[in-house]
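Report on the following structure.
The values are calculated or read from the model by the stated rules, or taken from the named source; none is laboratory data. Because the structure is a prediction, the values reported are computed rather than measured. Here the Cβ is made from the backbone with ideal geometry for all residues, glycine too, and neighbour counts use every protein chain on show.
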Amino acid sequence: MAQFSLDGMSVSPSIIDRARLESLDKQHLKERSLSELNALTEPYLQEAFGAISCHIGTVFSETAWRETFTQAISEEMTTLGDVVSLGRPIFEDRFDLTPEAREAAEQPFTEEVLAKVAGDLPGVEPFDYDTVNAYLRSLRARFKAERGLAGRQVMFSIRAALTGTLKGPCLVVVMILVGRDRCLSRIQSFTS
């Protein structure tokens, strides 16, 4: 006790730099392997959604679905708890639109874009990354040629209907994680 002294202590309160702490958290998560992140996020997913995957009705096994899902959201995760907010648009079929998504959904061309997607998706085979990506690329080109729409406008209309937000993982990845039937169901619910 004789060596301890309060002489060098400041009376000023500690300063917590939240941005710095979040940056450290994010860096720590980036250093984790995909299998480690899968294991670490499982309890959060189980508690929030009652499941750790939505692979049924997709081209994925449960393991492949989890790896694809975790890879898709890992870049945006700051904390392990972020898996819930980032996963919600994939796990849950009912959602409220963010203001930005509502604005995209209210564009005069959105109904036409979604009708085209709903008509085309049953024929998109197999419903995997390469095929869905090629389909969306051709859809953007078609609407650019026929209607003068930017690719972003087309994609935002689809993303708003499928997820309720304009942010998140690559739309192609979202679509294959959700699966064709759930994508169609979400579009039908959105347009009715």
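Structure summary
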item: Sole exception among (1) under 29 Å from V154 (Cβ atoms); (2) part of a helix (DSSP H, G or I); (3) touching a Ser or Thr at 6+ places or on another chain (Cβ under 9 Å) for L45, by number; result: (1)
item: Evaluation of L80 against (1) at pLDDT 95 or above; (2) under 26 Å from F60 (Cβ atoms); (3) in contact with a Leu (Cβ under 7 Å, 6 or more places away or on another chain) (one fails), failing number; result: (1)
item: Qualifying residue in segment 32-49 (condition: surrounded by 17 or more Cβ atoms within 10 Å (Cβ to Cβ), among the polar types (S, T, N, Q) and more than 26 Å from Q188 (Cα to Cα)); result: yes
item: Some residue of segment 50-65 being in contact (Cβ under 8 Å) with a residue 12 or more places away in the chain, closer than 17 Å to V178 by Cα and part of a helix (DSSP H, G or I); result: yes
item: Selected residue [outside any helix (DSSP H, G or I) and not assigned by TED's automatic domain parsing to the domain that holds T41] from G168, G119; result: G168
item: Any hit, segment 81-91, residues being surrounded by 17 or more Cβ atoms within 10 Å (Cβ to Cβ), basic (K, R) and part of a helix (DSSP H, G or I); result: no
item: Hey, Q71 assigned to a helix (DSSP H, G or I), within 15 Å of the chain's Cα centre (by Cα) and surrounded by fewer than 17 Cβ atoms within 10 Å (Cβ to Cβ) or not; result: yes
